[in-house]
1. If you go through region 33-46 one residue at a time, do you hit one that is touching a strand residue (DSSP E or B) at 6+ places or on another chain (Cβ under 7 Å) and in contact (Cβ under 8 Å) with a residue 40 or more places away in the chain?
2. All but one of (1) open to solvent by 50 Å² or more (accessible area, probe 1.4 Å); (2) closer than 15 Å to residue 18 by Cα; (3) in contact with a helix residue (DSSP H, G or I) (Cβ under 8 Å, 6 or more places away or on another chain) hold for residue 114; which doesn't?
3. When region 66-106 is examined, which residues are found to be among the acidic types (Asp, Glu) and not in a loop (DSSP other than H, G, I, E, B)?
4. I want to confirm something. Restricting to region 14-67 and keeping residues that are among the basic types (Lys, Arg) and over 25 Å from residue 121 (Cα atoms), which single residue is least open to solvent (accessible area, probe 1.4 Å)?
5. Could you list, in sequence order, all residues of region 138-148 that are touching a helix residue (DSSP H, G or I) at 6+ places or on another chain (Cβ under 7 Å) and either closer than 19 Å to residue 63 by Cβ or open to solvent by 60 Å² or more (accessible area, probe 1.4 Å) (or both)?
Amino acid sequence: MDIGQAYLAVALDNFLDIKRMGERVLAQLNDEEINVIPADESNSIAIIVKHLVGNMRSRWSDFLTTDGEKPTRNREAEFEGGYPTLAALKEEWKQGWQIVLDTVESLTPDDLLKTVTIRGQKHTVIQAIQRQVVHYSGHIGQMVYIGKWLKRDRWQSLSIPRGQSQTYLEEMLRQAEKETDSVRPLDKLDRE
């Protein structure tokens, strides 16, 4: 595996991790909770998802051949309204992520240094991918924060629960001792 293949495998794995984190938030919410706006000038989880999906469709459709800010995108409208149900939100979420994942999976190492544009600004494919990893991670972090705020003591931790860091570390070290190779092979990364 060359470095380009390795990078694309890691990028795909990063997107899948981001997607799963968002889905673990959504799994804890109901129709009403997704549309709660926690404070003035804040967005509900539904609005965040609406924005993410709009971005995904615009950035990743015809990724190598057209500007990432499509003329059909209405970014301002992404910050209005929401979704009537969690099911409707999840369907849009699924469609948006499918575009991202299909596009990243279609890329080859030869594509990585090609130039794409976003709002007329030139980016290498690597830069464009990293831009979206950072963007999506930030919004998923907002979703986690709002989800915790909504659920309070009913929130199910998405990582290491408080007070369990040492137990978690010990378990990870036990698992590492069992493995012969300290680096996860890229062809064995979890994929959906």
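1. Among the residues of region 33-46, not one is touching a strand residue (DSSP E or B) at 6+ places or on another chain (Cβ under 7 Å) and in contact (Cβ under 8 Å) with a residue 40 or more places away in the chain, which makes the answer no.
2. The one condition residue 114 does not meet is (2).
3. Within region 66-106, 76, 78, 91, 92, 102, 105 qualify.
4. 19
5. Of everything in region 138-148, just one residue is touching a helix residue (DSSP H, G or I) at 6+ places or on another chain (Cβ under 7 Å) and either closer than 19 Å to residue 63 by Cβ or open to solvent by 60 Å² or more (accessible area, probe 1.4 Å) (or both), namely 142.
The values are calculated or read from the model by the stated rules, or taken from the named source; none is laboratory data. All figures in this text were calculated on a predicted structure; none of them were measured in a lab. Backbone-built Cβ (ideal geometry, glycine too); neighbour counts: all protein chains shown. These accessible areas exclude ligands, DNA and RNA; they are computed on the full protein's heavy atoms, side chains included. Shrake-Rupley method; radii C 1.70, N 1.55, O 1.52, S 1.80 Å.
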